[in-house]
Amino acid sequence: MAMKNNELYMLVALALAGVYLLMKPKGANASTTTPGAKEINVNGDANGWRYFDDGTAIDPYGTYYKNGVQIWNPMM
């Protein structure tokens, strides 16, 4: 039994939405910073980076750095 065009379009749209949700940058997750770490610049900087007093920095795309070394990337 062949799929109708509308069903095929819906299936493609759902697949694309799923790929988008998997690939989009995730927001910062405070659980990966050291427990008790406090954010230094609560409002963020002009470029979207966030900095914490334990040496953690989070770029606008959700990649975490600890003392300048990448420790987690949402695309991994």
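Bear in mind these aren't lab numbers, they're just calculated from the coordinates by the rules spelled out. Source: prediction; values computed, not measured. Every residue, glycine as well, gets a Cβ built from its backbone with ideal geometry; the counts of neighbours run over all protein chains shown.
What order, most packed first, do the peptides 64-71, 4-11 have when packing is the mean number of other Cβ atoms within 10 Å of each residue? Show your work: numbers first, answer last.
Values: 64-71: 12.5, 4-11: 10.0.
Listed from highest to lowest mean packing, they are 64-71, 4-11.
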Under-5 Å amide H pairs with Thr56, H placed in peptide plane, nonlocal only: Asn67
